[in-house]
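**Q** My questions all concern the structure below.
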Amino acid sequence: MLISIIIPTYNRVSFLIDTVKSVLAQTYKDFEVIIISDGSTDNTHKEISKIKDSRIKFIQLKKNYGYPAKARNEGIKISKGKFIAFCDDDDLWVRDKLEKQVKVINRGFDFIFTGYNYLDKSKSIFYELYLKFIIRIIINMLPNNLSYFYLSITSPIVNSSVLVKKSLISKILFNESISFRASEDYQLWIQIYYFSKPYYIKDPLVL
């Protein structure tokens, strides 16, 4: 099963290279990587072109939109996978992230997100999510209409942990209005959640 991995980026190639390497190191191998540059003016394209992997597609937007909604939407539109994963250009994936999520897909779920840890500049963990056991109970054990209420108050969903069925997201997409800047993902996950079969993996598979 092909998975489309969408990475928006803007002038942050030093982080992006490590991000892409963590994606390519996944134990699950059937994927494409769609890197969408939001009008980057640094050497992003040059550095990415040095990574020789046929699964990588690089798209350069003609201008900088200033927020990732546009870039993510363009990635969704050209994606070929049945499922879509997102990864921000300053995040890292644990090697078996996709493998663990695909196992959940095979159990009938179509919107899977995971736990995460925060890293400092030395890439050491400085913050660990301690509510993961509570989140697991809310998401995995309560009916959608009850856990949806929790999501309407606060969202435990980190963009870079999401794996979602393309048919769920392609008709809605991220809201590109400037009024939703920095919250367009929260809005989208709430819209999708109620009609999906969600599952939360408590393991911190995103850094």
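**Q** Just give me the residues in region 177-207 being under 13 Å from Gln101 (Cβ atoms) and open to solvent by less than 40 Å² (accessible area, probe 1.4 Å), in sequence order.
**A** Matches in region 177-207: Pro198, Tyr200, Ile201, Leu205, Val206.
**Q** Please determine, by comparing only the residues of region 50-72 that are aliphatic (A, V, I, L, M) and within 20 Å of Ser170 (Cβ to Cβ), which one is most open to solvent (accessible area, probe 1.4 Å).
**A** Ile59
**Q** While we're looking at this one, here's another question. Going through region 15-49 one residue at a time, which ones are touching a helix residue (DSSP H, G or I) at 6+ places or on another chain (Cβ under 7 Å), among the acidic types (Asp, Glu) and crowded, with 16+ Cβ neighbours inside 10 Å?
**A** Matches in region 15-49: Asp38 only.
**Q** Tally time: how many residues in region 1-58 are aliphatic (A, V, I, L, M) and part of a strand (DSSP E or B)?
**A** Total meeting the criteria: 9.
Per-residue answers, yes or no, for (1) among the β-branched types (Val, Ile, Thr); (2) within 18 Å of the chain's Cα centre (by Cα); (3) at pLDDT below 80:
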| residue | (1), (2), (3) |
| --- | --- |
| Leu119 | no, yes, yes |
| Asn140 | no, no, no |
| Ser147 | no, no, no |
| Asn159 | no, yes, no |
| Val164 | yes, yes, no |
| Leu168 | no, yes, no |
| Lys171 | no, yes, no |
| Ile178 | yes, no, yes |
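**Q** Is it fair to say Ser147 is under 19 Å from Thr9 (Cβ atoms) and surrounded by 15 or more Cβ atoms within 10 Å (Cβ to Cβ)?
**A** Here the answer is no, as Ser147 does not meet what is asked.
**Q** Condition check: in contact with a Leu (Cβ under 8 Å, 6 or more places away or on another chain) and open to solvent by less than 70 Å² (accessible area, probe 1.4 Å). Does Phe113 satisfy that?
**A** yes
The values are calculated or read from the model by the stated rules, or taken from the named source; none is laboratory data. Model, not experiment: these values are computed from the prediction. Counting neighbours? That spans all protein chains shown, and the Cβs are built from the backbone with ideal geometry, glycine included. In case anyone asks, the SASA skips ligands and DNA or RNA and just uses the protein heavy atoms, side chains included. Shrake-Rupley method; radii C 1.70, N 1.55, O 1.52, S 1.80 Å.
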